[in-house]
Amino acid sequence: MRASYSENIELSNQIKFEFEGRIMYAFPGDSIAASLTSYGIINLRVTSSGDSRGIFCGMGVCHDCLVEVDGNQNQRACMTKVKDGMRIFKQKFFGNSQLKKSNQKEKNNAEIKVETPDILVIGGGVGGMSAARIAAESGLEVILIDDRVSLGGQFSKQPTPVHASTLFSKIDPQIKLGKKLIKQVESTGVKVLKGVQIWAGYAERNVLAIIEGRNILFSPRRLIVATGAYERPIPVEGWTLPGVMTTGAVQTLLRTYNVIAGKEIFIAGNGPFNIQVALELARAGASIVGISESSNKPGFKSLASIIEMFRSSPKLVFQGVRYIKDINKNKIPMYYNYNLSSVKKDGDRLKTTISTNSSINRLGQKDISFKSDIVCMGYGFLPSNILLRNLGCNHVYDTLRKQLVVERSNDFETNIAGVYAVGDCAGLGGAYAARDEGIIAGVHSVLSLGINITKKQENERSISRNELKKHRKFQSAFWKLYSIKIPNYLDIQQETYICRCELVTMGQIRKEIKLGCITIGEIKQRTRAGMGRCQGRYCASFLTEILKSETNAPIDEENFFAPRFPINPIKIHEITKL
């Protein structure tokens, strides 16, 4: 259903499309996923085992929302815009032998177009836009590319033009920040390319991408990677069911398309982002049946962390206080020290069960169950670093956050000369830290090319360095406040999927480990885990932790799947002429 603040949008602007032969209507700029969700349709495809799937990540990472569009399969519903007269069908795993062949002209692939800008920035979020803007102020040729149809990234995701006039879009500070940065990028002459699908990264800063079916080789003098992050789920029974989504996916539906994922929503995870989205959904007309938070409820023992956070950013602390106040005002139940343990179908709805963390079970707290239309999960984020790894950038394993983090200099240059990494793709620091890192990296990339910078640019860099120190202190205290012990993956039930793409269960993983598989590569060869469309973005972190528990070996970059390309699934015909 549409959010309550969409009521004044002119209905005459709507376009018509079909889904499974049924006539439906959408607004120009809406994604297929948003359009179908507004009608309550969340079941979009069928797997090889006959399971149904729907939207999960909402940002093109998981590839679970594939549909057939006008005879073409494998179209991501969350990334594909609805067009007038479109005919859409659920995608069947075994495909349709009568599907029409691609009409892509071969001449588009006969030769590769080469772009050689001074600076290439990959990622149109807060960090990427900040880097591109300040670098372009030096008069250099700067290209900014992003895989979406609009800039803003996850933090400053922008509403479609049809929905941009709502009051929420006009006053929200994150949307306003995105608008400001987009205007700055445009005013400085940055060449912006959207809807770009990067599929390979090579030595010497070379990046191969596809734009509208044509291959382009970007060979910049300097490369700034700002590809952000994606949400960390936890594998529990039922986490692949239609209606189970990441919290970010539900927020994207609301903020970008003014669509509420369901009438009743349950949210589970770790961190204030879940609370923020819960309040946004409640204001839009959804009923939040509960929020489960994995960390302890802030109390006397949290004072040191809260004081440190306040010293670094009083504004963000007061924002957090307002969140809790609004949660109480809206009478949304909060359950601290609980983790999502299972999701099951219950007629047309979902039944969710949360369980106490093992360390406090002795207090007598029991499992709690809820019924809802939608279940959100958001247990933090994972860096989107696959391009950096393909480029050969060194990474180390962060044992606290359980993720690979790229090694960088004070100016955010990696071990590969001329390659920079800024923002959450390099380790999670938040959007405001990403902005400052982008400014610092952008200025350094200009200086490294022998170009003098202005006094204004130097001042901005100096301010950003000071602000970044505050952000890092805030983040350090923040993660102490919300610290959790991620549930033990060895406790997962045998039939639970670890690799949601290839349908590899915990039971299969355990079996192969007992047979002697002690590396992630061996598990991959024996089970196909990590060989699906998301290319191990989700299951890699699970498998490394499972193997660590079994072998007691320390985790480093080699414990993860080896980087390979294509980085994202691509059509064979798009590269056969290379």
In region 235-379, lysine pairs 8 or more places apart or on different chains with C-alpha atoms under 23 Å apart total 26
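In deg cm²/dmol and to the nearest 500, what is the mean residue ellipticity at 222 nm of the chain if only DSSP H runs of at least 4 residues count, each as -39500 (n - 2.57), divided by the residue total? If you can, show how the numbers build up before the last one.
Details: 14 runs with 168 residues, N = 578.
Mean residue ellipticity, 222 nm, calculated: -9000 deg cm²/dmol.
Can you give the relative contact order of region 235-379 as a percent, counting alpha carbon pairs under 8 Å and 6+ residues apart? Don't skip to the answer; put the middle values down first.
Working: 247 pairs, mean separation 51.0, N = 145.
Relative contact order of region 235-379: 35 percent.
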Log10 I(q)/I(0) at q = 0.10, 0.15 Å⁻¹ for region 168-322, from Debye over equal alpha-carbon scatterers, is -0.59, -1.11
Options [x] 0.94; [y] 0.98; [z] 1.00 for Rg/Rh (Cα atoms, Kirkwood Rh); the value derived from the coordinates is listed as [x]
For Lys113, the lysines lying under 23 Å Cα to Cα, once residues fewer than eight places off in the same chain are dropped, come out as Lys105, Lys191, Lys194, Lys571, Lys577
Within the chain, the percent of DSSP beta bridges that are antiparallel, given to the nearest 5, stands at 55
Fraction of alpha-carbon pairs in region 115-246 farther than 21 Å apart, rounded to whole percent, equals 48
Under the rule rounded for a/c under 1.5, else prolate if a/b exceeds b/c, else oblate, using alpha carbon gyration tensor axes a ≥ b ≥ c, region 4-90 is classed as prolate
The alpha-carbon center of region 195-228 and that of region 342-357 are separated, in whole Å, by 42
Output ordering of 62-72, 218-228 (per-residue mean of other Cβ within 10 Å, highest first) is 218-228, 62-72
Length gained, Leu400-Lys548, 0.36 nm per residue minus C-alpha separation, equals 51.8 nm
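Taking the Cβ of each residue in Leu120, Leu447, Leu400 as the centre, tally the other Cβ atoms inside 10 Å and list the residues starting with the fewest. Before the final figure, lay out the partial values.
Values: Leu120 27, Leu447 16, Leu400 8.
With the sparsest Cβ surroundings first, the list reads Leu400, Leu447, Leu120.
Between Phe565 and Lys344, what is 0.36 nm times their sequence separation minus the Cα-Cα distance? Round to one decimal in nm. Intermediate values should be presented prior to the final figure.
Values: separation 221, 0.36 × 221 = 79.56 nm, distance 3.58 nm.
76.0 nm is the gain from fully extending Phe565 to Lys344.
Note down, for region 197-272, the three equivalent ellipsoid semi-axes (square root of 5 times each alpha carbon gyration tensor eigenvalue), biggest first, whole angstrom. Don't jump to the answer; show the numbers that get you there.
Details: eigenvalues 250, 49, 35 Å².
Largest first, region 197-272 gives 35, 16, 13 Å.
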Restricting to lysines and to Cα separations under 20 Å from Lys514, and discarding same-chain partners fewer than 8 apart, the set is Lys524, Lys548
Cα pairs beyond 25 Å in region 235-379, in percent, come to 29
Rounded to whole angstrom, the alpha-carbon centroid of region 501-578 lies from that of region 448-488 at a distance of 33
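Please tell me the relative contact order of the chain in percent, rounded to the nearest whole number, where contacts are Cα pairs under 8 Å and at least six residues apart.
That works out to 16 percent.
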Protection proxy (average C-beta count within 10 Å per residue), highest first, orders 133-141, 258-266 as 258-266, 133-141
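Express in nm, to one decimal, how much length is gained between Ala203 and Ser448 on full extension, taking 0.36 nm for each residue of separation and deducting their alpha carbon distance.
Numbers: separation 245, 0.36 × 245 = 88.20 nm, distance 1.86 nm.
Contour length minus the Cα-Cα distance gives 86.3 nm.
A short reminder: the numbers here are calculations on the coordinates, not readings from a lab. What you see is a predicted model, and the numbers here were worked out from it, not measured in a lab. Counting neighbours? That spans all protein chains shown, and the Cβs are built from the backbone with ideal geometry, glycine included.
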